[in-house]
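Here the structure comes first, spelled out in structure tokens, and everything after it is commentary.
The values are calculated or read from the model by the stated rules, or taken from the named source; none is laboratory data. Computed from a prediction, not measured in an experiment: that's the story for all the values here. For neighbour counting, all protein chains shown are included, and Cβ atoms are generated from backbone atoms with ideal geometry for every residue, glycine included.
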């Protein structure tokens, strides 16, 4: 529905409501002065019922789903009553004959009750399940109570009116019965449902007035006292005016959100109905000293329904209590167990370890903690996906659990880390060896066999040892586990005071690296790579820098620690994000349009199919293209899966990303790596550049690499250029790019800003004053000029 159509519908609904209000006001004025007349009474009732039908129809057109059906049914009810009233009017005003006791008008009047009850039943409600059974019993109770009152007033009089026609008697009884049905449904809906409170309350009020007017009409008609323009007719005016106003109330044509909390009125319903009926019976006995058989039967039935209702309430409460108990047990289990493996979680493990330490403090009972980390799990997870990784963790947990007794606590701490608590165990090392042995058989993951091992660190508290804290005990086991992993894994180690200090320092750094990354305590420096054919800045290599406590950590240590702690992906994304952010800024500055950045990546990361998506997302975020990024692959590690690595590299190259093989000549299977990976450039390791001008064998190696690279279309970058003689030798050998302290150390991004600002003058003038990048920015100093060593229109001069 278009907005224009909705506006038109809303305006029409308000116009109909205003007309209904004006007609009601006119009727009130006329009835108050007792100068109404049959003509206005009949035509006015027909008109206001038609207005109610139109208002409900417009609400149906504005609504959707069950709400549309409900408003449509209510509009049909008003239309049926209007048809019945029109027939009644025809008899009185056109034919001038009495309306037959049973005729077509009765079909319209009784059809109103049927359609109105249907509309209320269709209205969206938040009552479901067991609530519907309680609502049914409540409805029967209300029907009994209303029937009891009706029998004592209108219904009894109709039944004893002496009508000779069974059909006329049935129709006469149908009117109060339909009114009772209307009252029952109204009370139930209002007491049970929180949805659409405003429109339902207005509808219920209108139907209640309709029921009262019908009951009065039935009683007066049965006693022969009813005449058209009787004050009882005003009840119908008010009833249909409310039905015309109901679609204009808040929330009438929009779906209401569900409400779970029960209404107080619904809970109190049985007691209110029973109390009201008992009060009415008492009043009738006091007034007439007679209670009919029908009234007594209805009252007894009402009492039985109240008992049944209370039985349902007790049963539901018992079910609720059982559900709450089960839910509490489930929540307690979830709070202390790992959802993936079913093992204890960290909270339960800490609780039991704390209790075991209390026993050691009191009774000198020995205990130990094993900290276990899986070797190679990340590669399996990256290669086969997280679902396969979860399956592997469940199978690992089952194998570990099968080697333990019920007295031992095995917990999963998260990821691929497990912890084991043993108490009164004379040889916890034997238990740890059992755990290692359980992993020796291959696992089947995604239809393929994979082998996985574990590194286990063991810390123990013997009989007469001082009682440590849980954190101290876990830290010792963690340190020992880390040392095992550094030594190759698939082993266990008992923590002692003699652990190598360097190994322990790496563990401490590993614990600090994750929060340092999260809090952006690392920085990124940039080292220029220069094109030797033009002397121009070609690429800026992004390098992570970290100085916890003010002490710088060597770059190779940062990478090593990140890999051992499974933080290498987070480190890569941190550097990539900073490099792309800075490059996006530099490309907007003079002299920065052709720049690109290089970011280091390990071969293991090429085994992740998510890598191209990560790169694309970061480039897109900064508005960069793949051609502006180079990924430098470390050559000192083994490629876990050549097929996967090749596929990932091809995806990256399809994006325009250049691939560079770092540390060329020092890694494993150098030529095989060139065969396996579709790289674009190689970086000759600094060990082959150092003393290049003095060592003939190194010159031959570099010459061979450059010649080989030119044959197969690679670019060659020389690392570690620190002396002018080395630079001269590289130029003579035809090397393409060079990097080293001779040009600049790695510097903060701000220094690159200054370089770009000074670049145009530096290159255009071919100044003999060298340009040097320092940590503080760009600096020039004077020296004697020397002959240019670079070809091109802008030779580069470098300091001695």
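Worth a mention:
- Scanning region 407-419 for residues that are touching a strand residue (DSSP E or B) at 6+ places or on another chain (Cβ under 6 Å) and part of a strand (DSSP E or B) gives 409, 410, 411, 412, 413, 417, 418, 419.
- Enumeration of residues in region 472-502 that are exposed (fewer than 15 other Cβ atoms within 10 Å of the Cβ) and at pLDDT below 85: 487, 488, 496, 497, 498, 500, 501, 502
- Flag if residue 558 is touching a strand residue (DSSP E or B) at 6+ places or on another chain (Cβ under 8 Å), in a helix (DSSP H, G or I) and assigned by TED's automatic domain parsing to the domain that holds residue 748: yes
Here's the yes/no breakdown for (1) over 29 Å from residue 644 (Cβ atoms); (2) part of a helix (DSSP H, G or I); (3) in contact (Cβ under 8 Å) with a residue 24 or more places away in the chain; (4) over 30 Å from the mean Cα position of the chain (by Cα):
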{"site": "380", "(1), (2), (3), (4)": "no, yes, yes, no"}
{"site": "400", "(1), (2), (3), (4)": "no, yes, yes, yes"}
{"site": "404", "(1), (2), (3), (4)": "yes, no, yes, yes"}
{"site": "430", "(1), (2), (3), (4)": "yes, yes, no, yes"}
{"site": "434", "(1), (2), (3), (4)": "yes, yes, yes, yes"}
{"site": "440", "(1), (2), (3), (4)": "no, no, no, yes"}
{"site": "449", "(1), (2), (3), (4)": "no, no, no, yes"}
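- Condition broken by residue 703, with the remaining ones in (1) closer than 30 Å to residue 654 by Cβ; (2) at pLDDT 90 or above satisfied: (1)
- When residue 798 is tested against the conditions (1) at pLDDT below 85; (2) surrounded by fewer than 18 Cβ atoms within 10 Å (Cβ to Cβ), the lone failure is (2).
- Residue within region 593-601 that is on the phi < 0 side of the Ramachandran plot, at pLDDT 90 or above, crowded, with 22+ Cβ neighbours inside 10 Å and in a helix (DSSP H, G or I) present: no
- When region 725-738 is limited to residues that are crowded, with 24+ Cβ neighbours inside 10 Å and not in a helix (DSSP H, G or I), the one that is nearest to the chain's Cα centre (by Cα) turns out to be 738.
- Residues that are buried (at least 22 other Cβ atoms within 10 Å of the Cβ), assigned to a helix (DSSP H, G or I) and without any contact (Cβ under 8 Å) to a residue 60 or more places away in the chain occur at least once in region 59-71.
- Test: residue 422 is touching a strand residue (DSSP E or B) at 6+ places or on another chain (Cβ under 8 Å), part of a strand (DSSP E or B) and under 23 Å from residue 345 (Cα atoms): yes
- Within region 666-681, considering residues that are at pLDDT 65 or above and not in a helix (DSSP H, G or I), the one nearest to residue 606 (Cα to Cα): 677
- Residue 717 vs. criteria closer than 25 Å to residue 524 by Cα, assigned by TED's automatic domain parsing to the domain that holds residue 592, touching a strand residue (DSSP E or B) at 6+ places or on another chain (Cβ under 6 Å) and assigned to a loop (DSSP other than H, G, I, E, B): no
- Residue 100 satisfies every condition listed in (1) assigned to a helix (DSSP H, G or I); (2) surrounded by fewer than 20 Cβ atoms within 10 Å (Cβ to Cβ) except (1).
- Single residue of 43, 74, 30 found to be within 20 Å of residue 213 (Cα to Cα), free of Cβ contacts under 8 Å to residues at least 12 places away in the same chain and in contact with a helix residue (DSSP H, G or I) (Cβ under 8 Å, 6 or more places away or on another chain): 30
- Unique match (being more than 40 Å from the chain's Cα centre (by Cα), touching a residue at least 12 places away in the same chain (Cβ under 8 Å) and in the same structural domain as residue 631 (by TED's automatic domain parsing)) among 589, 573: 589
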